[in-house]
Amino acid sequence: MAAVIFSASAMLVFAVIGKLNQAQGQSAARLSCALMGKKIMESLSKDVVASTWDSGNMSIGTHSGLTDVQFPGCTAFYVVSDASGARKVVMTVNW
């Protein structure tokens, strides 16, 4: 009887450890992709020049297919819209 209780307890502990490892992996992937989005947004700061808005990375429209070799499995796109003479950027990052 004690062996059955011990076996059941051990199986439960190993199942919990497996779920924790899975959650940790997902969190690491989310964090990595969030860092990629931050890197992309920071690189856009050099394009905040009104004279080149219509032709560069800050042109109105969707800019897609963004990846980075430092962040495998992550993709991103951003949409630039006009906001009363300024530009509004909304980014979506997928993992």
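The values are calculated or read from the model by the stated rules, or taken from the named source; none is laboratory data. Predicted, not measured: the structure shown is a model, and the values here were computed from it. Positions of Cβ are backbone-derived with ideal geometry, glycine not excepted, and every protein chain shown enters the neighbour counts.
For the reader, a short list of remarks on this structure follows.
- Filter result for Ser51 (modelled with pLDDT of 90 or more and either outside any loop (DSSP other than H, G, I, E, B) or touching a Lys or Arg at 6+ places or on another chain (Cβ under 6 Å) (or both)): no
- Complete set of residues in the range 69-84 that are in contact (Cβ under 8 Å) with a residue 40 or more places away in the chain and more than 25 Å from Trp53 (Cβ to Cβ): Gly73, Cys74
- Asp82 being surrounded by fewer than 16 Cβ atoms within 10 Å (Cβ to Cβ), part of a strand (DSSP E or B) and acidic (Asp, Glu): yes
- Considering (1) charged (D, E, K, R); (2) over 30 Å from Gln26 (Cα atoms); (3) touching a Lys or Arg at 6+ places or on another chain (Cβ under 8 Å); (4) surrounded by 11 or more Cβ atoms within 10 Å (Cβ to Cβ), the lone condition that Asp68 does not fulfil carries the number (2).
- Condition broken by Met36, with the remaining ones in (1) under 14 Å from the mean Cα position of the chain (by Cα); (2) loosely packed, with under 14 Cβ neighbours inside 10 Å satisfied: (2)
- Residue selected from the range 85-95 under the condition without any contact (Cβ under 8 Å) to a residue 24 or more places away in the chain and part of a strand (DSSP E or B), by the criterion farthest from Ala34 (Cα to Cα): Ala86
- Given (1) in a helix (DSSP H, G or I); (2) at pLDDT below 90, index of the condition Pro72 fails: (1)
- Some residue of the range 2-12 being outside any strand (DSSP E or B) and at pLDDT 85 or above: no
- Filter pass, Gly65 being at pLDDT 85 or above, farther than 15 Å from Lys88 by Cα, in contact with a strand residue (DSSP E or B) (Cβ under 8 Å, 6 or more places away or on another chain) and not in a helix (DSSP H, G or I): yes
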